[in-house]
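Down below is the structure, laid out as structure tokens.
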Amino acid sequence: MQKSDVIIIGAGPGGIFAAYELLKINKDISITVFEAGHSLDKRKCPIDGDKIKSCIHCQSCSIMSGFGGAGAFSDGKYNITNDFGGTLYEYIGKKEAIDLMKYVDEINMSHGGEGTKLYSTAGTDIKKVCLQNKLKLLDASVRHLGTDINYVVLKNIYNELKDKVDFHFDEAALTIESRGEGFVINTKNDSYTCDKCIVSVGRVGSKWMERVCKELDIPTKSNRVDIGVRVELPAVIFSHLTDELYESKIVYRTHQFEDNVRTFCMNPHGIVVTENTNGILTVNGHSYESADKQTDNTNFALLVAKHFSEPFKDSNGYGESIARLSNMLGGGVIVQRFGDLVRGRRSNEKRIAEGMVTPTLSATPGDLSLVLPKRILDGIIEMIYALDKIAPGTANDDTLLYGVEVKFYNMEVELNNNLESRYKGLYIIGDGSGVTHSLSHASASGVYVARDILGERDGDGILTECLR
Ligand SMILES: Cc1cc2nc3c(=O)[nH]c(=O)nc-3n(C[C@H](O)[C@H](O)[C@H](O)COP(=O)(O)OP(=O)(O)OC[C@H]3O[C@@H](n4cnc5c(N)ncnc54)[C@H](O)[C@@H]3O)c2cc1C
């Protein structure tokens, strides 16, 4: 059996930053990385909008899997905040979480991200305007790399790592066995041993992670899913917000049910895309940094969080069923004009073509009220009217709503404050652990465990001088 000091499963931001930091601290450490998807240069989604218009369910989805993980073709928005994007701070403390996110930002800047803009909510007047309209703007700094620069950063980091790390692409880890002081990782090709194992399999690895936890008897819990739509409108309607903040995370408490609806993943001049999670098609969005790839539209999600209590445990199953319903009715993602939704009628090709917003995703015109539960839909409609007060035009008839957008939360794995499972040396990080759900938190969790493995943190969780 081949032996490494550390095996990393999954080469998304969590896995990449773990490998980066391990090598930075100790250049002699041996690291093997298993990645179910392709290497960065081979990642390509076949949808070209011409010959292939919708998802053909590739064995490995290039949007979600491969070097760079789900982040590779993302908008590259690194939010430096504890207010959203995960609960890493609950494990490691607020200050260390922010310090690590800033450190990740420095690494991105030194690998091709320099020159990109860091936006901040500090001192903005928009906060007051939001509050005057029953909306709350959450605090954050956001580095917007953009899909194109994000790719350059990943390529540069890969080039730095490739001769020092044993990368196995298109080779998924099948099982993990605990053997004495270490672990055995089995893939379709072989078995490999290691002293420490870092599991960073993201959202796409959620089912596999669930199975591994069952096999190793690691406790988990799952009780949350976010469901909603992606809104697309002329960029100019939101430009006063996006020019200053780029991404604004705004929360609205509904009058009718007192549910929280929030904006999520705002993409100025961006495009709406399809996302394939375990064969279910949902919607997402991103935007490019370079002007020639930008569109006239801005898109963002409006999501309602559903928390379930006993005896129901399968929150992701609930979200999947709703997404399946939209897939069943629309063959994939459904698009509807806001005006049609409030009038209770299905959108059709003609009305969408005549509208003032040109869709950036080819989706099936339909009726979202046949898909989304009433309570969620009512909350979304209420929030659109609330946003219309701070960004007039949001509630225009031609505003497009794509559905459904679902944020599946991985079940939360029981971990100690080192992000270590009940097996000493088995770390579970990033979105796959349920602790994070963003680029910056996932990356920070990778740096954190690398330092823990190499004893670079003192008892108070403060980084000590790197002496190696
Ligand atoms: C279209 C899109 C846009 C997004 N935009 C943003 C954004 O702008 N800002 C933001 O903060 N977040 C964004 N996100 C979310 C962000 O990408 C994730 O939060 C982040 O990538 C999580 O990192 P991770 O390392 O935990 O997991 P992932 O990035 O999901 O990586 C996990 C990797 O593990 C691999 N894997 C899974 N199972 C196995 C296995 N058994 N063996 C080997 N490998 C395995 C997968 O193939 C994958 O490559 C976006 C996501 C999508 C899909």
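The values are calculated or read from the model by the stated rules, or taken from the named source; none is laboratory data. Computed from a predicted model, the values in this text were never measured in an experiment. Neighbour counts run over all protein chains shown; Cβ positions are idealised from the backbone, glycine included.
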Members of the range 8-27 that are near the ligand (Cβ under 10 Å from one of its atoms) and outside any helix (DSSP H, G or I): ILE8, ILE9, GLY10, ALA11, GLY12
Subset of the range 92-103 that is touching a strand residue (DSSP E or B) at 6+ places or on another chain (Cβ under 7 Å) and either within 21 Å of GLY270 (Cβ to Cβ) or among the hydrophobic types (A, V, I, L, M, F, W, C) (or both) - its residue that is surrounded by the most Cβ atoms within 10 Å (Cβ to Cβ): MET101
Answer from LYS249, LYS214, LYS196, LYS207 - the residue that is of a type in the set (Lys, Arg) and free of Cβ contacts under 8 Å to residues at least 60 places away in the same chain: LYS214
Flag for PHE257 being in contact (Cβ under 8 Å) with a residue 24 or more places away in the chain, more than 12 Å from the ligand (Cβ to nearest atom), crowded, with 20+ Cβ neighbours inside 10 Å and not in a strand (DSSP E or B): no
Out of TYR427, TYR402, sole residue that is buried (at least 19 other Cβ atoms within 10 Å of the Cβ), over 24 Å from ASN108 (Cβ atoms) and modelled with pLDDT of 95 or more: TYR402
Strands (runs of 3 or more DSSP E) wholly inside the range 133-175 that include at least 1 residues being touching a strand residue (DSSP E or B) at 6+ places or on another chain (Cβ under 7 Å) and among the small types (Gly, Ala, Ser): 141-144
Top-ranked residue in the range 65-91 [being within 8 Å of the ligand (Cβ to nearest atom) and polar (S, T, N, Q); ranked as surrounded by the most Cβ atoms within 10 Å (Cβ to Cβ)]: SER65
Residues being assigned to a strand (DSSP E or B) and at pLDDT below 95 - total across the range 176-190: 1
Residue match in the range 401-414 (condition: farther than 30 Å from SER362 by Cα, assigned to a loop (DSSP other than H, G, I, E, B) and within 12 Å of the ligand (Cβ to nearest atom)): no
Single residue of LEU216, LEU174 found to be closer than 21 Å to MET1 by Cβ, of a type in the set (A, V, I, L, M, F, W, C), more than 9 Å from the ligand (Cβ to nearest atom) and over 19 Å from the mean Cα position of the chain (by Cα): LEU216
Residue in the range 62-84 that is in contact with a His (Cβ under 6 Å, 6 or more places away or on another chain) and closer than 19 Å to ASN418 by Cα present: no
Test set (1) within 12 Å of the ligand (Cβ to nearest atom); (2) at pLDDT 95 or above; (3) loosely packed, with under 15 Cβ neighbours inside 10 Å - LYS207 fails condition number: (2)
Subset of the range 250-267 (residues that are closer than 21 Å to THR124 by Cα and modelled with pLDDT under 95): PHE264, CYS265, MET266, ASN267
Per-region count, the range 59-73, residues over 15 Å from THR282 (Cα atoms) and out of contact with any Cys (no Cβ under 8 Å at 6 or more places or on another chain): 9
Selected residue [surrounded by 15 or more Cβ atoms within 10 Å (Cβ to Cβ), hydroxyl-bearing (Ser, Thr, Tyr), part of a strand (DSSP E or B) and more than 15 Å from the ligand (Cβ to nearest atom)] from THR193, THR124: THR193
Residue in the range 79-88 that is small (Gly, Ala, Ser) and over 29 Å from LYS136 (Cα atoms) present: no
Which listed residue, of ILE98, ILE52, ILE56, is under 25 Å from ILE149 (Cβ atoms) and more than 10 Å from the ligand (Cβ to nearest atom): ILE98
Qualifying positions in the range 278-294 - away from the ligand (no atom under 12 Å from the Cβ) and closer than 22 Å to GLN59 by Cβ: GLY279, ILE280, LEU281
Positions within the range 219-244 being away from the ligand (no atom under 14 Å from the Cβ) and either surrounded by fewer than 15 Cβ atoms within 10 Å (Cβ to Cβ) or at pLDDT below 95 (or both), in sequence order: PRO219, THR220, LYS221, SER222, ASN223, ARG224, VAL225, VAL236, SER239, HIS240, ASP243, GLU244
